[in-house]
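Here, each number is a calculation from the coordinates, and none is a lab measurement. If you're wondering where the values come from, they're calculated on a predicted model, not measured in any experiment. Cβ coordinates were reconstructed from backbone atoms using ideal geometry, including for glycine residues, and neighbour counts include every protein chain displayed.
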Amino acid sequence: MSNETSGTNETMADSRDMIGAHDAFRREFAALPALIAGVPVRDAHSTGVVARHVLMMIDFLHAHHTSEDDHVWPRLRERCPGDVEPLIGTMDQQHAFIDDELTALAADTRLWKETAAAGERDKAVVVAERLLPPLHEHLALEEERILPLIDRHMTDREWKTTVEASLNKVPFAQRLLMLGMALHGASEEQAQLLRAAVPAVVWHVGRPLGKRLYRTHRQRLTAASQGAYG
């Protein structure tokens, strides 16, 4: 396929693997309100288990969004027709709004983790619920409008650099958990797209480890909360 950005014959991006990451974010963030609310008051251990999960998911989403900020938006602004600027501006605004909500959720979660009290727990639930509509709106708009632009204007190498940058923002053990999380419930097509998006060694070594880590992680969360998870 001809490279529209440089005139070379580089393979262009196939960003459909992002849908698998988005599905994981949808599932995990949708589960947070009930998961948090289901933790017994004054149960410090269970509070810690769920609070650490919430903070980890915040870090995952922040890594995902900042990698787009750093690697995707500048290239699309440079290479797309001028009339795409309002769309990318909307992406920027949505990221900023979601980041503010994530900051609020992190603050409330840390207070809850310290106290294991009902008041702090319930504040975290409110923010987790409030985050869902703007997050779902953003992910849907990105899939509908941005992914086709990525595939048209970014190379496969550039896209993989974006994915790698997101992974590199989190500790290695959590990268494996991220992979297991993305593979949970994924179709065979989505699994193969994820395989193509990550280095071969990460896939062959990380896939079984990641799936096992995520299975254990889910079991811990289920034991810590009376709320339905996933």
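For the reader, a short list of remarks on this structure follows.
- Using only side-chain charges placed at the Cβ, +1 for Lys and Arg and -1 for Asp and Glu, the dipole size of the chain relative to its Cα centre rounds to 1240 debye.
- Taking segment 104-124 and a reference point 7 angstrom along Cα→Cβ of ALA44, the backbone N atoms nearer than 13 Å belong to 113-117.
- Value of [θ]222 nm, deg cm²/dmol, for the chain, DSSP H segments ≥ 4, -39500 (n - 2.57) each, nearest 500: -26000 deg cm²/dmol
- Pairs of Cα atoms nearer than 8 Å and 6+ residues apart set the relative contact order; for the chain it is 39 percent.
- Computed extension gain for THR222 through SER187, at 0.36 nm per residue and net of the alpha carbon distance, reaches 10.2 nm.
- The angle between the Cα long axis of helix 17-37 and the longest principal axis of the Cα atoms of the chain comes to about 20 degrees, rounded to the nearest 10.
- Segment 62-167 shape via C-alpha gyration tensor axes, a/c threshold 1.5: prolate
- Sites THR161 and ALA118 - FRET efficiency at Förster radius 41 Å, r taken between beta-carbons, to 0.05: 0.35
- Under 5 Å, built H, 5+ apart or other chain: amide partners of MET12: ASP156
- The residues neighbouring LEU111, those whose beta-carbon lies less than 13 Å from its own, together hold a net charge of 0 under the Lys/Arg +1, Asp/Glu -1 convention.
- Gain upon complete extension [ASP70, ARG130; 0.36 nm per residue less C-alpha separation]: 18.9 nm
- Reach of LYS123 by Cα under 15 Å, taken over aspartates and glutamates that are not fewer than 8 positions away in the same chain: GLU101, ASP108, GLU114
- Percent of C-alpha pairs per 5 Å bin in the chain, short distances first: 1, 7, 14, 17, 18, 16, 12, 8, 4, 2, 1, 0, 0.
- Dipole orientation for the chain: of the candidates GLN94, ALA24, HIS153, ALA24 has the Cα lying most toward the positive pole (charges on Cβ; Lys, Arg +1; Asp, Glu -1).
- C-alpha long axis of helix 200-224 to longest principal axis of the chain, angle in °: 30
- Cα-based reach from LYS211 at 26 Å (exclusive), listing lysines while leaving out same-chain residues under 8 positions away: LYS160, LYS169
- One Cα centroid belongs to segment 152-178, the other to segment 203-230; the line between them spans 21 Å.
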